[in-house]
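Asker: My questions will all concern the structure given below.
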Amino acid sequence: MHLPANFDADRDLFIERHLKAPRSVVWTAWTTPDHLKKWWAPKPYITTECEMDLRPGGIFRTVMKGPDGTEMDGGAGCFLDVEDQSRVVFTDALGPGWRPNPEHFMTAIISFTDDGTGTRYSAHVLHDDIAARKRHEEMGFEGGWGTMITQLDAVAQSLAETV
């Protein structure tokens, strides 16, 4: 595991996986709303809506639906940084156009790097304080984000087969 230099064990969470698909295809699966909707929520949850304007200050919003029909709309966040095929940084602390969001929860730094036969995918998730990190961990960060990454790899592999 390659923990980031600025990792704060009290406030941050981190997950990293090797994906079989090439980085360019994983990038496409992550940055295309129709593809993201296929893997963003850990099954049996589904993603019913995805809005993204892939530029700093641009909107990032998803709506998930649980097996009981309950919808979870975390509200509109925004992208802070986008480096083509390398990194996406998004937050719910700010909404589109850099507008503050008092109901914020986290900022995520998603990195994509070549990894021999595929892609090293990592997610460094920053929280304001220990309580927020702990709440995210108790929500099932490792299992939920881990499942989503596995689903991302499956979507990316299916895309790679069509290229």
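Asker: Which ones in region 27-44 are part of a loop (DSSP other than H, G, I, E, B) and without any contact (Cβ under 8 Å) to a residue 24 or more places away in the chain?
Answerer: THR32, PRO44
Asker: Can you give me the ranges of the strands (runs of 3 or more DSSP E) entirely in region 64-156 with at least 1 residues that are more than 22 Å from ALA9 (Cα to Cα)?
Answerer: Once the strands (runs of 3 or more DSSP E) in region 64-156 are filtered for at least 1 residues that are more than 22 Å from ALA9 (Cα to Cα), what remains is 71-73, 77-83, 107-115, 118-126.
Asker: Still on this structure, please answer the following. In region 32-49, which residues are under 17 Å from PHE90 (Cα atoms) and surrounded by 18 or more Cβ atoms within 10 Å (Cβ to Cβ)?
Answerer: Once the filter is applied, which keeps residues that are under 17 Å from PHE90 (Cα atoms) and surrounded by 18 or more Cβ atoms within 10 Å (Cβ to Cβ), region 32-49 yields LEU36, LYS37, TRP40, ALA41.
Asker: Going residue by residue through region 126-140, is there one that turns out to be closer than 25 Å to ALA5 by Cα, surrounded by 14 or more Cβ atoms within 10 Å (Cβ to Cβ), within 12 Å of the chain's Cα centre (by Cα) and not aliphatic (A, V, I, L, M)?
Answerer: Scanning region 126-140 turns up no residue that is closer than 25 Å to ALA5 by Cα, surrounded by 14 or more Cβ atoms within 10 Å (Cβ to Cβ), within 12 Å of the chain's Cα centre (by Cα) and not aliphatic (A, V, I, L, M).
Asker: So, one more: As an exercise: evaluate LYS20 against (1) under 21 Å from LEU159 (Cα atoms); (2) crowded, with 17+ Cβ neighbours inside 10 Å and give the number of the one condition it does not meet.
Answerer: (2)
Conditions tested, residue by residue: (1) at pLDDT below 95; (2) in contact with a Lys or Arg (Cβ under 6 Å, 6 or more places away or on another chain); (3) farther than 18 Å from PRO96 by Cα.
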position: ARG23; (1), (2), (3): no, no, yes
position: ASP34; (1), (2), (3): no, no, yes
position: THR48; (1), (2), (3): no, yes, yes
position: ARG55; (1), (2), (3): no, no, no
position: MET64; (1), (2), (3): no, no, yes
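The values are calculated or read from the model by the stated rules, or taken from the named source; none is laboratory data. The model shown is predicted, which means the values in this text are computed figures rather than measured ones. Cβ: placed from backbone, ideal geometry, glycine included. Neighbour counts: every protein chain shown.
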